[in-house]
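The values are calculated or read from the model by the stated rules, or taken from the named source; none is laboratory data. This structure is a prediction, so every number in the text was calculated from the model and none was measured. In this analysis, Cβ positions are derived from the backbone assuming ideal geometry, glycine residues included, and neighbour counts consider all displayed protein chains.
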Number of protein chains: 2
Amino acid sequence: MTDPLPPGSTVGILGGGQLGRMLALAAARLGLRAHVYEPGAGCPAAQVAARTTCAPWDDVQALRAFAQGVEVVTWEFENIPTAALDVIESLRPIRPSRRSLEVSQERLAEKTFLQGIGLAVAPFAPVEDRAGLDAALARIGAPAILKTRRLGYDGKGQARIMAPDDAGAALAAMGGRPAILEGFVAFEREVSVIAARGIDGSVAAFDPGENLHEDGILRRTTVPARLSAAQTSDAVLIAARILGALDHVGVLGVELFVTPGAPPGALPGALIVNEIAPRVHNSGHWTQNGCLIDQFEQHIRAVCGWPLGDGTRHSDVEMENLIGHDIDRLPALAASGAALHLYGKAEVRPGRKMGHVNRITGPAAR
Amino acid sequence: MTDPLPPGSTVGILGGGQLGRMLALAAARLGLRAHVYEPGAGCPAAQVAARTTCAPWDDVQALRAFAQGVEVVTWEFENIPTAALDVIESLRPIRPSRRSLEVSQERLAEKTFLQGIGLAVAPFAPVEDRAGLDAALARIGAPAILKTRRLGYDGKGQARIMAPDDAGAALAAMGGRPAILEGFVAFEREVSVIAARGIDGSVAAFDPGENLHEDGILRRTTVPARLSAAQTSDAVLIAARILGALDHVGVLGVELFVTPGAPPGALPGALIVNEIAPRVHNSGHWTQNGCLIDQFEQHIRAVCGWPLGDGTRHSDVEMENLIGHDIDRLPALAASGAALHLYGKAEVRPGRKMGHVNRITGPAAR
């Protein structure tokens, strides 16, 4: 157990995208300084951080200077090179720890871990080659999804296999990288739980939100999710179990499939864990306008050894992502009664997350 | 009418204290960059602004470079030297305009303005010397308050006159500066209204809050204020009248005395305008956790020509200032379920505002 970092301390954030930006803003509210490390120039977080180091992940001198200038290091994305983490970890604590990173950087490790702590996941099998894929398909059946084990996000590095004939093309799409075949889960809806775990082991979960994806990218999260009381309770318990098993310090997002029927190993209406994100998550952005303390502040509180805040939802919220040229609707959106959260990205690109809006749809319904 | 500034534009903020800091944070949410101009080193706003110019108010070159690097200029405090404003105004629009500054920089001008637009104020008289003070006291009567006309805030530059015998000491406390004598208003409570006016003349007011001062410094604001529906409506109309008469663009705070009886020129229960602040105001900090859009974002929206946002209150809130060593209560406060807003000030000094906390006390009562 560590003493909480006093105000005026500096939090190091690896990655300067929108999540790093909103973490830096939350740190500022708490009187903490943010020092962002990001290889790309002109990143969103640099505009709001007290300090930014713009250097590549293999610049050992820059990494050392960064670590020496901060009290604790956290990250905004999972795919940070191991060697960079080695340098930082020799100097300052990294929270959440590398265990959380390792499990979530690799889909096979993640699924194995989740299954190992007794949670329901889609049937899965590792795939290295065509023979392995055929064997996996024979066991799991089609439809199924072939995914690269690493570096996948927002639907990239994935190929659907609707019938065994699709196997060759799907495998080719993996580009020779190790893959995992996941059985298709027929789900009614996808929900996610964002939960935080403090350095003292205390856990606080936000109410589950219901997610709608388009083209593999989150489009909308609606809170509350349409879940029974038992399902809501299950969702929170699942998140708590994962947090505890990882000894995670900080926020973690869990995507869950709500099943209509009874897939193997699951009760009707049961929740199947789709994937975890060991960090603040897009599907938790609604908390900025639905709760007294949002996911970004919970994360900063946790990694700085502060007590977790009160994440009770005061309002029902609908969060909508602004993707690519959605941002062109800005004048109308600004006038619409929605809260805007824009990321300071200069260039609009198709599929690029430019910002999001939160709409309060009413007082919290329970 | 001007086109709204597009995201990525830079807002210049004169003054780098906590109000400048929270304005910069609000600008960031909207995808705008903040450039802060502040003579003092290591100011609170510099930690969160995209850029900071640390230079004195008489550095014409720095002022010019600052103005040329931003699209619009606003301010966080009223006492900016006129010559600095001259330089900036020759290059970029200043919002709110200097009319709002001029009226509120000088108490005699402010009272005269308020009376001129038909609002009730405490009886007042200009005071230059002892003879003038005696004459003013003879007309207004004791108790009364003698105040310097300029540079007063948080109870500084004020002296109470409980009886004519106090006149000499009170005048001495003015240090030879022009003063104003204000009749003492017997009030039940002080409330304030924070309202915004857009560049198109639209007005949005937050619900009035009830203020408690200690030693001349705001200690606590409770929302909603204990007001009748008619008083609430009056308070909002008073703010709107001031905003319109000043052609103000941005946020303005109005402090009002709620009177129990019938002072000269006022109905029982009427509202007497105490003073105005032509900017975001400490008594509006509750909006950060009580409304979808807070006072800081309303101000940035207004000065950037954006439509005003929805400032409807979703929750009842109590705001408490953390003054001086109040900040030592931090560990307990962090655990208390309150939202913390700390200003990043390194040095604790008695009377110094170090931060504030907002507590949600329930869903919005109406």
Report every pair of residues separated by at least 6 positions or lying on different chains whose Cβ atoms are under 6 Å apart, first residue within the range A:5-27 and within 10 Å of another protein chain (Cβ to nearest Cβ), second at pLDDT below 95. A:GLY8/B:ALA346
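What's the total number of residues in the range A:353-366 that are over 22 Å from B:ALA49 (Cα atoms) and more than 10 Å from chain B (Cβ to nearest Cβ)?
Step one: filter the range A:353-366 for residues over 22 Å from B:ALA49 (Cα atoms), giving A:353, A:357-366.
Right, trim to more than 10 Å from chain B (Cβ to nearest Cβ) and you get A:353, A:357, A:361, A:365-366.
Counting residues in the range A:353-366 that are over 22 Å from B:ALA49 (Cα atoms) and more than 10 Å from chain B (Cβ to nearest Cβ) gives 5.
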Filter the range B:210-244 for residues that are touching a residue at least 40 places away in the same chain (Cβ under 8 Å) and under 20 Å from B:PRO363 (Cβ atoms); the one that is surrounded by the fewest Cβ atoms within 10 Å (Cβ to Cβ) is B:PRO224
Checking the conditions here, which among B:GLU297, B:GLU275 is at the interface with another protein chain (Cβ under 9 Å from one of its Cβ atoms) and in contact with a strand residue (DSSP E or B) (Cβ under 9 Å, 6 or more places away or on another chain)? B:GLU297
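Residues that are farther than 30 Å from A:ARG95 by Cβ: list the strands (runs of 3 or more DSSP E) wholly contained in the range A:188-244 that include at least 1 such residues.
Working: elements: A:189-197, A:203-205, A:209-214, A:217-223.
In the range A:188-244, A:189-197, A:209-214, A:217-223 are the strands (runs of 3 or more DSSP E) which contain 1 or more residues that are farther than 30 Å from A:ARG95 by Cβ.
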Those residues of the range A:204-225 which are at pLDDT below 95 and more than 16 Å from A:ASN274 (Cβ to Cβ) amount to A:GLU214, A:ASP215
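Just checking: which of the strands (runs of 3 or more DSSP E) contained wholly in the range A:275-366 hold 1 or more residues that are modelled with pLDDT of 95 or more and among the charged types (D, E, K, R)? Walk me through it before giving the result.
Working: elements: A:315-323, A:339-342, A:353-363.
Passing ranges, in order: A:315-323, A:353-363.
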Positions within the range A:158-177 being part of a strand (DSSP E or B) and among the hydrophobic types (A, V, I, L, M, F, W, C), in sequence order: A:ALA159, A:ILE161
Every residue from the range B:278-295 that is buried (at least 24 other Cβ atoms within 10 Å of the Cβ), within 16 Å of the chain's Cα centre (by Cα) and closer than 14 Å to B:THR222 by Cβ: B:SER283, B:GLY284, B:HIS285, B:TRP286, B:THR287
Given the conditions (1) touching a helix residue (DSSP H, G or I) at 6+ places or on another chain (Cβ under 6 Å); (2) more than 30 Å from B:VAL70 (Cβ to Cβ); (3) within 14 Å of chain A (Cβ to nearest Cβ); (4) not acidic (Asp, Glu), report the number of the one that B:ALA332 does not fulfil. (1)
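Taking the condition of being farther than 21 Å from B:TRP75 by Cβ and hydrophobic (A, V, I, L, M, F, W, C), how many residues in the range B:95-113 meet it? Give the steps one after another, and end with the answer.
Initially, the range B:95-113 is screened for residues farther than 21 Å from B:TRP75 by Cβ, giving B:108, B:111-112.
Okay, now just the ones that are also hydrophobic (A, V, I, L, M, F, W, C), so B:108.
Residues in the range B:95-113 being farther than 21 Å from B:TRP75 by Cβ and hydrophobic (A, V, I, L, M, F, W, C): 1 in total.
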Give the range B:47-86 a look and list any residue that's within 21 Å of the chain's Cα centre (by Cα), closer than 20 Å to B:ALA27 by Cβ and not in a loop (DSSP other than H, G, I, E, B), or say none. B:VAL72, B:VAL73, B:THR74, B:TRP75
It is to be established whether one or more residues within the range A:55-69 are in contact (Cβ under 8 Å) with a residue 40 or more places away in the chain and either of a type in the set (Asp, Glu) or closer than 21 Å to A:VAL280 by Cα (or both). no
Checking B:CYS291 against (1) touching a Leu at 6+ places or on another chain (Cβ under 6 Å); (2) under 13 Å from B:PHE206 (Cα atoms), which test does it fail? (1)
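Name the single residue that is farthest from the other protein chains (Cβ to nearest Cβ) among those in the range B:335-352 being out of contact with any strand residue (DSSP E or B) (no Cβ under 6 Å at 6 or more places or on another chain) and either of a type in the set (A, V, I, L, M) or surrounded by 13 or more Cβ atoms within 10 Å (Cβ to Cβ) (or both).
Taking the range B:335-352 and keeping what is out of contact with any strand residue (DSSP E or B) (no Cβ under 6 Å at 6 or more places or on another chain), we get B:335-337, B:344, B:346-352.
Retained after the next criterion (residues that are either of a type in the set (A, V, I, L, M) or surrounded by 13 or more Cβ atoms within 10 Å (Cβ to Cβ) (or both)): B:335-337, B:344, B:346, B:348, B:352.
On the way: B:ALA335: 4, B:SER336: 9, B:GLY337: 4, B:GLY344: 5, B:ALA346: 6, B:VAL348: 10, B:ARG352: 13 Å.
The selected residue is B:ARG352.
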Members of the range A:114-133 that are under 21 Å from the mean Cα position of the chain (by Cα) and either part of a loop (DSSP other than H, G, I, E, B) or of a type in the set (D, E, K, R) (or both): A:ILE117, A:LEU119, A:ALA120, A:ALA122
Just to be sure I understand, how many residues within the range B:306-321 are within 10 Å of another protein chain (Cβ to nearest Cβ) and of a type in the set (A, V, I, L, M)? 2
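Inspect all residues belonging to the range B:283-293 and state whether any of them is of a type in the set (Val, Ile, Thr) and more than 10 Å from chain A (Cβ to nearest Cβ). Steps first, please.
Initially, the range B:283-293 is screened for residues of a type in the set (Val, Ile, Thr), giving B:287, B:293.
Then drop every residue that is not more than 10 Å from chain A (Cβ to nearest Cβ), which leaves B:287.
The answer is yes; a qualifying residue exists.
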Index of the failed condition, A:ASP86 passing every other in (1) more than 14 Å from chain B (Cβ to nearest Cβ); (2) on the phi > 0 side of the Ramachandran plot; (3) surrounded by fewer than 16 Cβ atoms within 10 Å (Cβ to Cβ): (2)
B:VAL48 meets each of (1) under 28 Å from B:ARG107 (Cα atoms); (2) buried (at least 24 other Cβ atoms within 10 Å of the Cβ) with one exception, condition (1)
